[in-house]
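All remarks here apply to the structure that follows.
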Amino acid sequence: MKKIFVICGSTRKNSTNHRYIEAIKKILENNVQVTDLDSLINIPHFNPDDDNENAPAQVKEFRQQLCASDGIIISTPEYAMGIPGSLKNAIDWTVSSSSFSKKPVLLITAASLGQKAHLALMDVLNVIEADIVEQTAILIPFANAKIDNNNHITHSATEQTIIKAVQFFQNKL
Ligand SMILES: Cc1cc2nc3c(=O)[nH]c(=O)nc-3n(C[C@H](O)[C@H](O)[C@H](O)COP(=O)(O)O)c2cc1C
């Protein structure tokens, strides 16, 4: 059974990105095992001095979860025209460990507009050698208005785009 690790770039309780993740889980085929990162809140601030075998326990666990996965899903908002600090912070811990290397990534940027964070994340994922391609990188502007509180994507073009991306992602696992 293929393993998928999921990172929500928002730490907010009623997160839109969390709802998109739940919608994606319903699209995923049954023969996958999905594990969610508990919360980015628990990942300590990146410090190069601790970026070794004595890394904080939460970082070690985060790296192990990434390494154990066959593919990674990230769904994130944009903050202040960029990647949310807590998500970028977590990714910074994985540069030396190469935890993303060769892993297929499904990237969703669900924000008001989101283009800058989306493109920045593509650059970051490329530099850490993640397997990220256009077909699995979806920008959802006006994201709040396209999903309801029951995790149902109400904007059919967005739903179709996500279904296609999820299928493409699963074929890469
Ligand atoms: C501090 C802050 C800054 C934001 N800056 C941007 C921005 O620059 N561009 C954008 O498209 N959305 C911006 N947003 C809106 C969020 O990306 C949007 O509401 C997103 O859907 C929130 O995701 P969430 O519901 O998963 O937390 C910002 C939101 C916050 C809280």
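We did not get these values from a lab; they are worked out from the coordinates using the rules stated. This structure is a prediction, so every number in the text was calculated from the model and none was measured. All Cβ positions, glycine included, derive from the backbone under ideal geometry; neighbour counts span all protein chains shown.
A few notes on this one:
- For the Cα trace of the chain, dividing Rg by the Kirkwood Rh returns an Rg/Rh value of 0.94.
- For a modelled paramagnetic label at Gln115, 7 Å from Cα along Cα-to-Cβ, the residues of the stretch 135-149 in reach, with backbone nitrogen under 13 Å, are 139-142.
- Percent of beta bridges antiparallel (DSSP, the stretch 2-172, rounded to nearest 5): 10
- Largest-first principal axis extents, alpha carbons of the stretch 19-115, Å: 40, 36, 23
- Loop-exposed trypsin sites (Lys or Arg not before Pro) per DSSP, neighbour cap 11 Cβ within 10 angstrom, longest uninterrupted part of the chain: 14-101
- When the Gaussian network model of the chain links Cα atoms closer than 10 Å, the mean-square fluctuations of Pro84, Pro48, Pro141 top out at Pro48.
- Exposed-loop-free span, longest in the chain, where GluC sites (Glu not before Pro) count as exposed if DSSP calls them loop and at most 14 other C-beta atoms lie within 10 Å: 54-128
- Of the residues Leu119, Leu107, Leu87, the one that moves most in a GNM of the chain with alpha-carbon contacts below 10 Å is Leu119.
- Angle in degrees between helix 57-68 and the longest Cα principal axis of the chain, rounded to the nearest 10: 60
- Cα→Cβ-extended label distance, 7 Å offset, between His45 and Leu173, nm: 3.7
- With R₀ fixed at 25 Å, the C-beta to C-beta distance from Glu61 to Thr11 puts the FRET efficiency at about 0.90.
- 12 Å cut-off, amide nitrogen to a point 7 angstrom out along Asn150 Cα→Cβ, residues in the stretch 24-65: none
- GNM flexibility winner over the chain from Ser112, Ser86, Ser96 (Cα, springs under 10 Å): Ser96
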